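Just so it is clear, none of the values below were taken in a lab; they were calculated from the coordinates. Bear in mind the structure is a predicted one, so any value in this text is a computation, not a measurement. Every residue, glycine among them, receives a Cβ derived from its backbone with ideal geometry; neighbour counts consider all protein chains shown.
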């Protein structure tokens, strides 16, 4: 159900459907599209923040952090209140976004390790098809500006996975630690210096700078994104812009020091918001706004164990690393002026669905030789129907911790806040919440609703039966 | 600081300032204002909901409850993110809103009782000056549609306190209980019938109906409000519209049954939102929108001990009855198209300030024979300056539990959730939170910031020294 806040522009929806048909034949073999093609095939920009929480934007209810550009996107576009990352931590979430597949299928999980590290020996397997590959095949210029985190060895880099260009960092900004003698990790997180984190900045497959100057990384991402848009303004393009911030340690440029009343975390979000504004401004300036879908989301919930240096999940429970809603339900804003009507939707969507949605909009070819978990969200975006997604699986370290079916969510296993000692609890019988009336997951109704409980458990079992997991690749670490 | 989301209309602000000067001479002695006067003296409408939480509106981040009319007010008007009721429960909060004075000054508190009951022997003292009295003296027609809760005996009714007319109930909708034999209170709250609560519906000083049909009370309030606006469309008017809902027990009309995906609580909020829309539509229809200030707020935070039948404080801690932010920080939306610029402000304001602000805007006369705690919020509303309010006192049962000065809030005493056995905790040293970076009041910094702690404690002591408390009147109960 979409809540209208602006007048309808239904006529345009028909136009879009027409485009889908007319564009299915576009491919890499037509690298120089006519101006007519450009007007018909939407550019696609996916912007993510790192560890930004459900409640961290003005339009999602934060009292203090000011996000006028993201609020503009929400005001002019479609704001989702049940939009999910596929995982509560970084690498698996990004794998799912790019491949349209639950991260277990590509081995993007571990039993000991939750993400990739600088000594990881693996990466996103070559046989995985990313949205960048599919869109490049459909005639798109493809670029990534930002954090990759799907393998840093040469054969796993973005340039080997469908992206024409890359400017960014290979893994998280808190890795490659070289802390002063005697300094513990937590102290460094709260009082970081650039040289504590010897993370490289890459252009394509070449190291530009090491350690990356994290004070300027958000600003440089914005500049690179604008340059990419400018360079490709006359052809269809796909830009993936996964910001490094607000992952700890927090850095921002001088322009954003004490910019926010909400402390350094607010500063960092407000600089990411500014960077989003740079992209929107560039699209406006080049006359591309009405021909570009811009999506904003986060890779997982807020890192709440960092207290005032972590974000807020708003009314949701817990954050990053957990399979409570705060760990995986994130902002999801879709902006495409003139085509997507302004509104708010409670339909269920996932970053995994961006793969299918983007390829469908671009008239690309969906892989047919493998299971794809992403669904096409177009019906919700264009207000012609409801979301094909009625279920959400919450995995942690390859294990199904929780499962949502419609309004109801069942927890089989829960853990406490990420970054603190895990307090693993196995629930027998499972705990069940009604997310419609209990957004904070506080009131267990499994005992009073046994039939619904059984139905959700059965759906989870069917889902698990269909889930084909590859061997976990995150645990492969060591010298190479 | 006001975050602009729309183009400025600064020129109008000057016009308003001019009006203030030109209208100070208007009074009851000019009962038939010219059309020019009507255009210059704004109508004032204050709408409150009962136990609605900070996080219960779409514009304040609720994922499921749809409030398009209140969101319209927020979108077109000024949304406050640090707006407070003066107390965490009903009667004292309403006393402060109407008198511009902390409720201790008028005796609107108790040592044993937190609010008025059907056997209370007292009410708001005759010598108190309400905003209705002051505006009536300034030439306004005055009406209240909704719940009073400041004394139900004849001498304390709204009609004795400056209101020309009243349609509504004298106290809370869960009072005058006549439950079936053996039914406990909590069961009745969750499965209420009209006849369980023998609350009267009043017109002026006459009982219209008993028990009030709570299924239709929100709808009838809307109808009465529209009728009041229609009747007074050619003169300045003040309408106070304190809704009965969403105070437990929850009732809504047939039109709103299963209206919301958020259960019965969502239904009830969505009907209140509809009622707000009726008021806005009437103002539009009668051409009064650009000459009317509409304020929406709540009397206190959500009654969270009722679980899924209570609301949400969003990212704030706890709710009704507590002096954590969730108990007293509430939505505060100011709508006056063409005069108040769209935006969001983090300035501090209180319902107590509506008294001073309204009288100032109306060119009325402020009482000079008594302390007034409310401040004029015009500078924030018209974006000409910051709020004169930098402090907030959090009283419970006449006792100062907490105090905010700027960003910092100190708790001297805390209690657990309202409706559950109080777990009173006295804090020595007091607990201190920085509300800028710690909106959920989780990270006590009193030990690490001793100088700030001392400054806030000193400010609280100065505040207490200035606070003149009358004898508490809520404890006077019994046969009369």
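Rg(Cα) of the range A:204-257 divided by 2.2 N^0.38 Å? Don't jump to the answer; show the numbers that get you there.
Values: Rg = 13.2 Å, N = 54, 2.2 N^0.38 = 10.0 Å.
Taking the Cα Rg and dividing by 2.2 N^0.38 Å, one obtains 1.31.
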(message) Once each part is reduced to its C-alpha centroid, what is the distance from the range B:316-349 to the range A:192-236 in angstrom?
(response) 40
(request) With chain B rotated onto chain A, spot the residue of B whose Cβ lies nearest the axis and note the distance in whole Å. (result) B:61, 1
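Would you mind putting A:208-219, B:255-266 in packing order, based on average other-beta-carbon counts within 10 Å, highest first? Please report the intermediate quantities before stating the final value.
Working: A:208-219: 18.2, B:255-266: 19.8.
Averaged packing, sorted descending, gives the order B:255-266, A:208-219.
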(request) Enter the mean number of other protein chain beta carbons within 10 Å of the beta carbon of each residue in B:305-312, as an integer. (result) 3
(request) Describe numerically, in nm with one decimal, the distance between label points set 7 Å from Cα along Cα→Cβ at residue A:209 and at residue A:448. (result) 5.6
(request) Note down the Stokes-Einstein diffusion coefficient of chain A in µm²/s, whole number, using a Kirkwood radius over alpha carbon pairs, 20 °C, and 1.002 mPa s. (result) 96
(message) I need the fraction of alpha carbon pairs in the protein assembly as shown separated by more than 39 Å, rounded to a whole percent.
(response) 44
(request) Give the calculated FRET efficiency between residue A:399 and residue B:475 to the nearest 0.05, with a Förster radius of 51 Å applied to their Cβ-Cβ distance. (result) 0.35
(request) At 0.36 nm per residue, minus the direct Cα-Cα distance, what do residue A:255 and residue A:186 gain on full extension? Give it in nm, one decimal, please. (result) 22.2 nm
(request) Write down the Å³ per residue value for the convex hull defined by the alpha carbon atoms of the range B:323-370. (result) 101
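Calculate how many DSSP beta bridges within the protein assembly as shown are antiparallel, expressed in % of all such bridges and rounded to the nearest 5.
So the antiparallel bridges in the protein assembly as shown amount to around 60 percent.
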(request) Using just the helices of chain A, give the 222 nm mean residue ellipticity in deg cm²/dmol: DSSP H runs with n ≥ 4 each add -39,500 (n - 2.57), and the total is spread over all residues, rounded to 500. (result) -8000 deg cm²/dmol
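Take peptides A:292-301, B:364-373 and line them up by average Cβ neighbours within 10 Å, highest first, as a rough protection proxy.
Values: A:292-301: 27.6, B:364-373: 14.8.
Result, highest mean Cβ count within 10 Å first: A:292-301, B:364-373.
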(request) Pull up the DSSP beta bridges for chain A and report the antiparallel fraction as a percent, rounded to 5. (result) 60
(request) Calculate, axis by axis, the spread of Cα positions in the range B:349-429 along the three principal axes, and write the results as whole Å, longest axis first. (result) 46, 26, 24
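Pop out the Kirkwood hydrodynamic radius of the range B:134-285 from its pairwise C-alpha distances, inverse of mean 1/r, in Å to one decimal.
Details: mean 1/r = 0.0616 Å⁻¹.
After inverting the pairwise mean of 1/r, the radius is 16.2 Å.
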(request) In nm to one decimal, list the spacings between the residue A:181 label point and its equivalents in the other copies, with label points set 7 Å along Cα to Cβ, shortest first. (result) 8.6
(message) With just the Cα atoms defining each centre, how far is the range A:77-107 from the range A:108-180? Give it in Å.
(response) 15
(request) Place the label 7 angstrom along Cα→C-beta at residue B:466 and in each other copy, then list the distances from the first to the rest in nm, shortest first. (result) 6.5
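From other protein chains only, count the Cβ atoms within 10 Å of every residue's Cβ in B:429-439, then give the mean. All intermediate terms of the calculation are to be shown ahead of the outcome.
On the way: counts 0, 0, 0, 0, 1, 3, 4, 8, 11, 5, 9.
Rounded to a whole number, the mean comes out at 4.
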(request) Note the distances from residue B:258 to each other copy's matching label point, with points 7 Å along the Cα-to-beta-carbon direction, in nm, sorted shortest first. (result) 5.8
(request) Please give the residues of the range B:138-165, grouped as numeric ranges, whose backbone N is less than 20 Å from a label point set 7 Å along the Cα-to-Cβ vector of residue B:230. (result) B:141-146, B:164-165
(message) For the range B:151-239, report the % of Cα-Cα distances exceeding 22 Å.
(response) 38
(request) Run the quick spin-label model on residue A:370 and residue B:427: label points 7 Å from Cα toward the beta carbon, then report their separation in nm to one decimal. (result) 5.3
